[in-house]
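In what follows, a single structure is set out as structure tokens and then discussed.
Rule-based calculations on the coordinates, nothing more; no lab input. All values derive from a computational prediction rather than experimental measurement. Here the Cβ positions follow ideal geometry from the backbone for every residue, glycine too, while neighbour counts run over all protein chains shown.
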């Protein structure tokens with residue numbers, strides 16, 4: 001194997017606009033779960049004004065946000081695979097070390113925090129929220145039955161929704177299984193199509209393709225993930241403009257089309273992910289082609305900061321919100337003046353909580369990767385800075 005210190009491809013220019021998109025997507029997931037867990041359904045609301053109706057309309061894009069994550073993941077992770085294969089620096093060992101450490105550094109504490117909040121909530125309150133009978137769409141299971149060691153182990157190896165349920169109340173973990181298997185499937189296909197093949201590469205590729213057949217429910221999302229890879233391919237063939245025009249018209253028009261697709265999915269109850277995925281792909285392509293960057297330094301810094309801990313936010317917010325709803329309120333509340341205050345306070349609490357998790361765990365991802373490399377090879381750890389920066393746009 002080549003010296004791992006020379007395996008990182010050249011660093012790509014950072015795009016803070018993609019950071020902003022990722023941060024907004026993570027916020028949309030959190031907002032959607034806040035609405036569904038803490039507030040009564042729209043049909044049960046009485047006397048809603050225009051602001052209240054707007055809140056219910058824009059706060060239900062959690063699943064759509066995950067589609068955006070898939071596209072960004074394909075662009076960053078899949079694009080990184082293609083660059084490494086193209087420069088002859090590809091290694092399954094390095095790739096799996098980076099991906100698994102990136103996933104587990106937050107997943108392990110998130111699972112333990114799920115166990116903590118769920119057990120405490122069941123002990124203090126129990127009732128409809130934890131039995132799945134409150135009526136909210138996002139929580140319809142008996143949480144206690146999903147807290148077994150077997151389910152914990154199943155989630156650790158990314159088989160949730162495939163061989164078991166998501167752990168405890170942490171429903172958002174469903175997409176992490178998708179991400180992991182896409183991480184494995186794509187490079188397996190690349191290895192099979194490439195010229196350099198070894199016994200180990202064939203074995204991993206055969207396993208990956210076998211799971212692709214065994215897990216048909218993941219294949220549609222994989223298509224969306226591959227759209228993200230296509231972004232990286234198109235970017236290589238047609239690089240971004242060196243100088244951005246005063247008005248990025250392509251980005252503006254494609255952005256409007258993307259927003260229109262989002263609105264249509266809500267107005268006409270369309271649930272086909274490709275209706276949003278394709279316009280999102282076109283929008284992201286225009287952002288990259290026109291080299292769109294955030295002009296305001298404060299907005300750029302905020303986008304980068306919130307993007308950095310979006311993975312921690314994604315994995316930790318749901319059990320925390322459920323605990324507060326069950327123990328603090330006992331039932332879902334109307335979206336009135338008090339509801340606005342509750343929403344604001346809970347959003348702040350979720351972000352502060354996730355940021356603490358980021359500081360304790362996610363921020364140390366590169367350090368963990370370096371230690372894993374030392375244990376594996378006894379060599380100096382590879383420089384994973386470039387890879388870590390490039391992968392800010394993924395769900396992980």
Given that just one value was derived from the coordinates, which of (1) 1.00; (2) 0.95; (3) 1.22 is Cα Rg over 2.2 N^0.38 Å? (1)
Packing-based order for 262-273, 182-193, using average beta carbon neighbours within 10 Å, highest first: 182-193, 262-273
Mean separation of Cα pairs under 8 Å and 6+ residues apart, divided by the residue count of the chain: what relative contact order is that in percent? 35 percent
To the nearest 0.05, how large is the calculated FRET efficiency for residue 41 and residue 206 if R₀ is 51 Å and r is the Cβ-Cβ distance? 0.60
Estimated inter-spin distance, residue 359 and residue 108, nm [label 7 Å along Cα→Cβ]: 2.2 nm
Mind checking which of 84, 219, 93 has the largest fluctuation in a GNM of the chain, springs on alpha carbons under 10 Å? 93
For the peptides 62-74, 357-369, what is the packing order when you average, over each peptide's residues, the other Cβ atoms within 10 Å and list the highest mean first? 62-74, 357-369
Provide the gained length on full extension for the span residue 372 to residue 116, in nm with one decimal, where the gain is 0.36 nm per separating residue minus the Cα-Cα distance. 89.4 nm
With a ≥ b ≥ c taken as the square roots of the eigenvalues of the C-alpha gyration tensor of the stretch 129-253, please select rounded if a/c is under 1.5 and otherwise prolate if a/b is larger than b/c or oblate if it is not? oblate
Separation in nanometres of the label points that stand 7 Å from Cα toward Cβ, at residue 240 and residue 266: 2.9 nm
Given labels modelled 7 Å from the Cα in the Cβ direction, how far is it in nm from residue 336 to residue 153? 5.1 nm
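Sort 336, 19 so that the residue with the fewest other Cβ atoms within 10 Å of its own Cβ comes first and the one with the most comes last.
Neighbour counts put them in this order, fewest first: 336, 19.
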If R0 = 25 Å, then residue 249 and residue 299, at their Cβ-Cβ distance, give a FRET efficiency to the nearest 0.05 of 0.75
Take each of the peptides 294-306, 151-163, 314-326, average the number of other beta-carbon atoms within 10 Å over its residues, and list them starting from the highest. 314-326, 151-163, 294-306
Over what distance in Å are the Cα centres of the stretch 130-188 and the stretch 46-98 separated? 18 Å
The chain, Gaussian network, Cα under 10 Å: of 46, 257, 233, the residue fluctuating most is 46
If a/c stays under 1.5 just call it rounded; otherwise compare a/b with b/c (prolate if a/b is bigger, oblate if not). Do that for the stretch 178-219, with a ≥ b ≥ c from the square roots of the Cα gyration tensor eigenvalues. prolate
